[in-house]
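Novice: What follows is a single structure, and I will ask about it in a moment.
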Amino acid sequence: MGKNRVIESLSSLIGNTIVHKILIKETSKPESANHLEFEEIEYRSQAIKKGMLFNWNNDDIKLLKEEITKKIEQKFKNKYSGIEMPKEKLQEMIDEEINQVLRIKKSF
């Protein structure tokens with residue numbers, strides 16, 4: 001699998017991780033929280049495995065952030081339109097998740 005396909009797949013996994021993280025905080029159904037937490041952990045685990053396939057430079061990470069942002073915004077627009085997330089907070093969550101998944105110590 002080429003790096004561009006991994007970026008596409010990785011952006012979906014990280015995007016889904018973040019969406020589930022947000023949904024855990026926003027859900028009005030406590031019985032859904034356990035399932036959402038499990039899904040968040042599973043998506044993150046898959047993302048970490050996929051992230052270890054390549055070395056990531058600043059351009060790759062910038063492209064990854066753009067793809068993640070698009071996917072999250074699309075998911076909230078189509079599926080969770082009632083949930084609002086400030087763009088600054090969303091970018092902060094994306095940075096944190098990328099740092100965690102790719103084991104990066106600095107922020108981009």
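Novice: For the chain, set up a GNM with springs between Cα atoms under 10 Å and report which of Leu13, Leu90, Leu64 has the largest fluctuation.
Specialist: Fluctuation is largest for Leu90.
Novice: Summing -39500 (n - 2.57) over the DSSP H runs of n ≥ 4 in the chain and dividing by its residue number, what mean residue ellipticity at 222 nm do you reach, to the nearest 500 deg cm²/dmol?
Specialist: Values: 4 runs with 83 residues, N = 108.
Computed ellipticity for the chain at 222 nm equals -26500 deg cm²/dmol.
Novice: OK, next. Normalising by the residue count of segment 3-102, find the relative contact order in percent from Cα pairs under 8 Å and 6+ residues apart.
Specialist: Values: 76 pairs, mean separation 40.1, N = 100.
Relative contact order, segment 3-102: 40 percent.
Novice: Shifting gears a bit: Once the dipole of the chain is set up with Lys and Arg at +1 and Asp and Glu at -1 on Cβ about the Cα centre, which of Ser45, Pro30, Tyr80 lies farthest towards its positive end?
Specialist: Ser45
Novice: Just to check, using Stokes-Einstein with a Kirkwood Rh over alpha carbon pairs, what's the diffusion coefficient of segment 3-102 at 37 °C and 0.692 mPa s in µm²/s? Can you show the working numbers first?
Specialist: Working: Rh = 13.7 Å.
Estimated via Stokes-Einstein, D reaches 239 µm²/s.
Novice: Also, quick follow-up: What nm value, rounded to one decimal, do you get for the distance between Glu73 and Ile41 when each label is placed 7 Å out toward the C-beta?
Specialist: Spacing of the two 7 Å Cα→Cβ label points: 3.3 nm.
Novice: Given charges of +1 on the Cβ of Lys and Arg and -1 on the Cβ of Asp and Glu, with all other atoms neutral, how large is the dipole of the chain about its Cα centre, in debye to the nearest 20? Before the final figure, lay out each step's value.
Specialist: Values: 20 positive and 18 negative charges, 54 e Å.
Result for the chain is approximately 260 debye, rounded to the nearest 20.
Bear in mind these aren't lab numbers, they're just calculated from the coordinates by the rules spelled out. Quick caveat, the model's predicted, so the values are computed rather than measured. Virtual Cβ from ideal backbone geometry, glycine too; neighbours counted across all protein chains shown.
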